[in-house]
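To start, the structure itself, in structure tokens.
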Amino acid sequence: MKLFEWEAKNLLSRYGILVPEGYVVQSPADIHAMPWPVVIKAQILSGSRGVAGGIMIADTIDEARHAASNIIGMNLNGLRVRRVLVERKLDTNRNLFLAAIADNYTKKVIFLASPNGGSRVETDSIGELVAVPIAPSVGYESEVATQISSHLGVSGYDSASIAEVCQAMYAMIENEKCILIEFNPLSILSDNRLAAIDAKVAIDNTCLPSDVIDHCGSVYLGGIEATTRRLGIEYIDYCGEIGVISNGHGLLSLTCDIIHALGGSVGPVFNVGEHFSERVLRESLILMNRLHPRVTFLNVFSGFRDCVEISEDVYHGILEFHYDFPIVCRIKGLNEQTSHEMFAERGIDSSLNLHEAASMAFRYSRD
């Protein structure tokens, strides 16, 4: 589960990592006076916001409200912008890159660091990115920060600050089940303090601590976003016409790729996870009905569940929620053929072939 930037920074603050002073608004009118200049930042779960026009600098309250009115509601990288982060612009001397990744396969934590932070780190720092792995049997040791500081070219007070940040990042992975923490940039300020100017955090939602949502300040989330978070559903608010309910990142990515290849546009997306329950599927159908795409494409692999059982859940959900737009189903797994025949008998579009099912959804999106 990816956190929005403001949520990530609220969580970082709890662990003593300095972030710029700021607040979230959903309307330009809610922007109030604070030390100027400020940065107005679109809050979407995507990178490259600056290049796409989703980050603006303002020197007055009028400029800030004007910038927010331009950003809120825009289609940015295929995503709707519903809110912005208004944040004090800090004076920086150096921009660094620092990240920590929890590798679920090896159970290692890997720190990544580069002396060149900022928008071009992925292209400019090839060969300058150092990886420092931590074996689970050893755990965090001070030598980790020493290696990172040396590679970043910092010493003295800056080195001590790097050590504090690294230790806090490791604690977040241990306590909050973070699988990614990334600062780009992590900046040395003009007063020599270290601040996370931009931050990405992702959490393993299969073992999400019950209070993490509250720690992140997610009271700003809308009803659908808050509901999906609590159910462990990954929600992506794309602007297209074909809503997608799927399970697992691989199947979801493949589904979206095929829709795009057909010339369609992906709308709201729900990834219900590999071991989805009847409740999660039911709630996904309710939420998709509220979002009202032109068509919903349900494409899931049943795993240990019987496809017939899932088909019954879907059918009764359609009747109960009074769907007034088409739904196309593809359910693969145990008893998939029987499930497909049940859909056909009840007048619900279904196919076991992914390309054929996606084509049905595409045609509905063009009607």
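Arg279 meets the conditions (1) in a helix (DSSP H, G or I); (2) crowded, with 20+ Cβ neighbours inside 10 Å in every case but one. The failed one is (2).
Leu98 satisfies every condition listed in (1) modelled with pLDDT of 95 or more; (2) not assigned by TED's automatic domain parsing to the domain that holds Ala195 except (2).
Could you please find all residues in segment 304-319 being part of a strand (DSSP E or B) and at pLDDT 85 or above? Steps first, answer last, please.
Restricting attention to segment 304-319, the residues satisfying the condition of being part of a strand (DSSP E or B) are 304-306.
Passing the criteria: Arg305, Asp306.
With respect to being among the aliphatic types (A, V, I, L, M) and in a loop (DSSP other than H, G, I, E, B), Val39 falls outside the description. Could you say whether any residue in segment 40-63 is within 30 Å of Tyr235 (Cα to Cα), surrounded by fewer than 18 Cβ atoms within 10 Å (Cβ to Cβ) and in contact with an Asp or Glu (Cβ under 8 Å, 6 or more places away or on another chain)? No, the conditions are met nowhere in segment 40-63.
For segment 65-72, check the following and say yes or no: at least one residue is among the hydroxyl-bearing types (Ser, Thr, Tyr), in contact (Cβ under 8 Å) with a residue 40 or more places away in the chain and closer than 15 Å to Pro185 by Cα.
Start the filter on segment 65-72 by keeping residues that are among the hydroxyl-bearing types (Ser, Thr, Tyr), which leaves 69.
When the remaining residues are screened for being in contact (Cβ under 8 Å) with a residue 40 or more places away in the chain, the result is 69.
Filter again for closer than 15 Å to Pro185 by Cα, leaving none.
No.
Do we find a residue being within 19 Å of Tyr235 (Cβ to Cβ) and either without any contact (Cβ under 8 Å) to a residue 24 or more places away in the chain or surrounded by fewer than 20 Cβ atoms within 10 Å (Cβ to Cβ) (or both) anywhere in segment 328-350? I'd like the intermediate steps shown before the answer.
Looking only at segment 328-350, we keep the residues that are within 19 Å of Tyr235 (Cβ to Cβ), and these are none.
Scanning segment 328-350 turns up no residue that is within 19 Å of Tyr235 (Cβ to Cβ) and either without any contact (Cβ under 8 Å) to a residue 24 or more places away in the chain or surrounded by fewer than 20 Cβ atoms within 10 Å (Cβ to Cβ) (or both).
Quick one: is Val308 among the aliphatic types (A, V, I, L, M) and more than 30 Å from the chain's Cα centre (by Cα)? Considered against the rule, which asks whether it is among the aliphatic types (A, V, I, L, M) and more than 30 Å from the chain's Cα centre (by Cα), Val308 comes out as yes. Residues of segment 66-82 that are in contact with a strand residue (DSSP E or B) (Cβ under 8 Å, 6 or more places away or on another chain) and modelled with pLDDT of 95 or more: His66, Ala67, Ala68, Asn70, Ile71, Ile72.
Could you please find all residues in segment 320-365 being among the charged types (D, E, K, R) and not in a helix (DSSP H, G or I)? Step through it out loud before you land on a result.
Looking only at segment 320-365, we keep the residues that are among the charged types (D, E, K, R), and these are 320, 324, 330, 332, 336, 341, 345-346, 349, 356, 363.
Correct list: Asp324, Arg330, Lys332, Arg346, Asp349.
What helices (runs of 4 or more DSSP H), lying completely within segment 143-256, carry at least 1 residues that are at pLDDT 95 or above? Full working, then the answer.
On the way: elements: 156-176, 212-215, 223-231.
Ranges flagged: 156-176.
Quick one: is Ile57 free of Cβ contacts under 8 Å to residues at least 40 places away in the same chain, touching a strand residue (DSSP E or B) at 6+ places or on another chain (Cβ under 9 Å) and in a strand (DSSP E or B)?
On the way: free of Cβ contacts under 8 Å to residues at least 40 places away in the same chain: yes; touching a strand residue (DSSP E or B) at 6+ places or on another chain (Cβ under 9 Å): yes; in a strand (DSSP E or B): yes.
Taking the combined requirement at face value, the residue satisfies it.
Restricting segment 235-259 to residues that are closer than 22 Å to Gly223 by Cβ and among the hydrophobic types (A, V, I, L, M, F, W, C), the residue that is surrounded by the fewest Cβ atoms within 10 Å (Cβ to Cβ) is Cys239. Remark: pairs (first residue in segment 142-160, charged (D, E, K, R); second residue crowded, with 19+ Cβ neighbours inside 10 Å; Cβ separation under 8 Å; 6+ apart in sequence or on different chains) = Asp158/Ser149; Asp158/Ile188; Asp158/Leu194. Annotation note: of Val244, Val269, Val280, the sole residue that is among the β-branched types (Val, Ile, Thr) and more than 21 Å from Ser339 (Cα to Cα) is Val269.
The values are calculated or read from the model by the stated rules, or taken from the named source; none is laboratory data. Since the structure is predicted, the reported quantities are computational estimates derived from the model, not experimental observations. Counting neighbours? That spans all protein chains shown, and the Cβs are built from the backbone with ideal geometry, glycine included.
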